[in-house]
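A.B. asks: Let me begin by handing over the structure; questions about it come next.
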Amino acid sequence: MSSHVTDTQTLEREPAFYEAFRAELRAFMQGHCPSDLRAKVRNGHKMGRAEYSQWQRILFDQGWAAPGWPQAYGGTGWDLQQRYIFEEVSAEMDCPPLYHHGLGHIGPVIMHFGTPEQKARFLPRIVDGSQWWCQGYSEPGSGSDLASLKTSAVRVGDHYVVNGQKIWTSHAQEADIMYTLVRTSQEARKQQGITLLAIELDTPGIEVRPIHTIDHWHHVNEVFLRDVKVPVDNRIGEEGTGWKYGKFLLDRERLSPATVPRLIRQLDEVDRLVRQRLREQGPSPSLMRALERLFLAKASAQGAREMLLSAIGEEIRGTLQSSKASALKLHSSELAQAISSLAFDLSAPELARRLLPDDESAMVCDDQDRERQLVHTYLFYRSRSIAGGTSEVQKNVIARELFGA
Ligand SMILES: Cc1cc2nc3c(=O)[nH]c(=O)nc-3n(C[C@H](O)[C@H](O)[C@H](O)COP(=O)(O)OP(=O)(O)OC[C@H]3O[C@@H](n4cnc5c(N)ncnc54)[C@H](O)[C@@H]3O)c2cc1C
């Protein structure tokens, strides 16, 4: 992995400062990130609240829990290079990524559009990891066409009464609170009349039902809301302008700073695998084809890295365009699938053929079982081009912004 982040940037400080910073991060992560957590990350285990929170708490005690946030809200105030170096070193040291729904998604929305009371109530608990958020956007029939959402919220005095259903809600089974898009009025233009509410998941009338995905993991859910009373104080921003906040959030969701360094880390592993196969088996047409796929993925990873740095810079300057966030999401989804497909083809085709049928017991694997983890990752990464908005939807966003299509 490249250790420099400066080729497309103007350094804000001397290179020696960043090298010392990198060394400080490495030493800290080496000394403080528990070895069992690092083994889980290295072996491609799925992360849940227990793992994310453990690491979040350690970073919080160090003052590093919110690398992208201003210091006024408990963030580090790090510059662009420092933020990227943090992500690179976290990936390199196999530390868990930061849980994104609070820090990356709703936190910035509350900072920009929340009331002072909401900032004081929600932001500290996102930073210390004690309140766990999930995202209630998608509904049956309203995924790509999110603005058609039907979950209704009717104002009655000092609260809203919410009825409807959300689906694919990641981590809802272990979350405390869900940022939720609801319809508060029926306007001619469906983007109007949408409102953003923070709904505490222990409120009466909420039922969370599990969905098991192709990799037999349970992290997505259906969330049913029946006459759920939500205080008006939990409305973020103005009533009827939730679409604006929802889009602001989606741009940040599509710009996940952790993604690219972690893909580059996986690519390094696949690189080792290809070279090992070449040493063991000698060149063959299939291995030469694998080498070609590896080189293409490496070039694509370089592109993703440059795009990410440029997008983070724009976000810091407040000029981030939706098309850039969408282009990055599209590019990194394709890259993730290319890397996991290559690893899968190289390593586990026989095993995969045995595991792919619906044999749940065969999908349970321990830390040592690297090949099974590869199959899990391959299957899970099929969702990369769907979750957070499908690749087709990203192309539509890019086309609309660039060409007015
Ligand atoms: C693993 C995973 C986690 C998720 N987590 C969450 C979460 O935490 N919270 C949440 O709210 N949602 C979540 N989602 C939902 C996700 O955002 C939706 O699945 C996604 O937006 C697609 O919506 P849909 O499933 O309704 O498919 P549809 O919108 O029905 O799309 C079906 C197909 O039609 C294509 N299509 C649709 N419209 C167009 C168009 N205009 N032009 C071209 N092609 C089009 C799509 O690209 C897709 O291929 C998650 C999904 C997955 C798979």
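A.B. asks: Order these peptides, 282-293, 16-27, 334-345, by their mean beta-carbon neighbour count within 10 angstrom, highest first.
C.D. replies: Ranking, from highest mean packing down: 334-345, 16-27, 282-293.
A.B. asks: Right, here's the next one. Sort 59-66, 258-265 by packing, meaning the average of other beta carbons within 10 Å per residue, with the highest value first.
C.D. replies: Ranked by mean Cβ neighbours within 10 Å, highest first: 258-265, 59-66.
A.B. asks: Still on this model: Please give the helix 391-403 orientation as an angle from the longest Cα principal axis of the chain, in degrees from 0 to 90, rounded to the nearest 10.
C.D. replies: 80
A.B. asks: What's log10 of I(q)/I(0) for segment 265-347 at q = 0.21, 0.22 Å⁻¹, Debye sum over Cα points only, no solvent?
C.D. replies: Each listed q maps to, in turn, -0.89, -0.95.
A.B. asks: On to the next question. Nearest 10 degrees, 0 to 90: what angle lies between the long axis of helix 15-32 and the longest principal axis of the chain (Cα atoms)?
C.D. replies: 80
A.B. asks: List, in order, the whole-Hz ³J(HN,Hα) value for each residue of segment 69-86 obtained from phi through the Karplus relation with A = 6.51, B = -1.76, C = 1.60 and θ = phi - 60°; use x for Gly and Pro.
C.D. replies: 9, x, 4, 4, 10, x, x, 8, x, 5, 7, 4, 4, 5, 5, 6, 4, 4
A.B. asks: Report, in debye and to the nearest 20, how large the dipole of segment 70-222 comes out about its Cα centre when Lys and Arg carry +1 and Asp and Glu carry -1 on their Cβ.
C.D. replies: Roughly 720 debye for segment 70-222.
A.B. asks: Another one. Can you pull a Stokes-Einstein diffusion coefficient for the chain at 37 °C (0.692 mPa s), Rh from Kirkwood over Cα pairs, as a whole number of µm²/s?
C.D. replies: The diffusion coefficient I find is 146 µm²/s.
A.B. asks: Another question about this same structure. Of ILE398, SER300, THR319, whose Cα points farthest to the positive end of the dipole of the chain (charges on the beta-carbon: +1 Lys, Arg; -1 Asp, Glu; origin at the Cα centre)?
C.D. replies: Selected residue: ILE398.
A.B. asks: Could I ask something else about it? Give LYS247/LYS329; LYS166/LYS247; LYS46/LYS244 a once-over and call out the pairs whose C-alpha atoms are over 23 Å from each other.
C.D. replies: LYS46/LYS244
A.B. asks: Relative to the first principal axis of the alpha-carbon coordinates of the chain, what is the inclination of helix 242-254, with its axis defined by its Cα atoms, in degrees from 0 to 90 and to the nearest 10?
C.D. replies: 10
A.B. asks: Taking only protein heavy atoms into account and a 1.4 Å probe, give the accessible area per residue of segment 208-296 in Å².
C.D. replies: 50
A.B. asks: Please state the charge dipole magnitude for the chain, taken about the Cα centre, from unit charges on C-beta atoms (+1 on K and R, -1 on D and E), reported in debye and rounded to the nearest 20.
C.D. replies: Once rounded to the nearest 20, the dipole reads 680 debye.
A.B. asks: Let me ask something else. Between SER144 and GLU12, what is the spin-label point distance in nm, taking each point 7 Å from the Cα along the Cα→C-beta axis?
C.D. replies: 3.9
A.B. asks: Expected output is a single nm value to one decimal: the length gained when fully extending between ARG272 and THR241, i.e. 0.36 nm times separation in residues minus the C-alpha distance. What is it?
C.D. replies: 6.2 nm
A.B. asks: Using per-residue counts of other Cβ atoms within 10 Å, averaged over each peptide, order 177-186, 29-38 from highest down.
C.D. replies: Top to bottom by mean Cβ count within 10 Å: 177-186, 29-38.
A.B. asks: Also, I was wondering about something else. Nearest 20 debye, what's the magnitude of the dipole of segment 1-119 about its Cα centre given +1 on Lys and Arg Cβ and -1 on Asp and Glu Cβ?
C.D. replies: It comes to approximately 440 debye.
The values are calculated or read from the model by the stated rules, or taken from the named source; none is laboratory data. On a predicted model such as this, the values are computed, not experimentally measured, just so you know. Quick reminder, even Gly has a Cβ in these numbers, built from the backbone with ideal geometry, and neighbours come from all protein chains shown. Note: areas computed on protein heavy atoms with side chains; ligands, DNA, RNA excluded. Shrake-Rupley method; radii C 1.70, N 1.55, O 1.52, S 1.80 Å.
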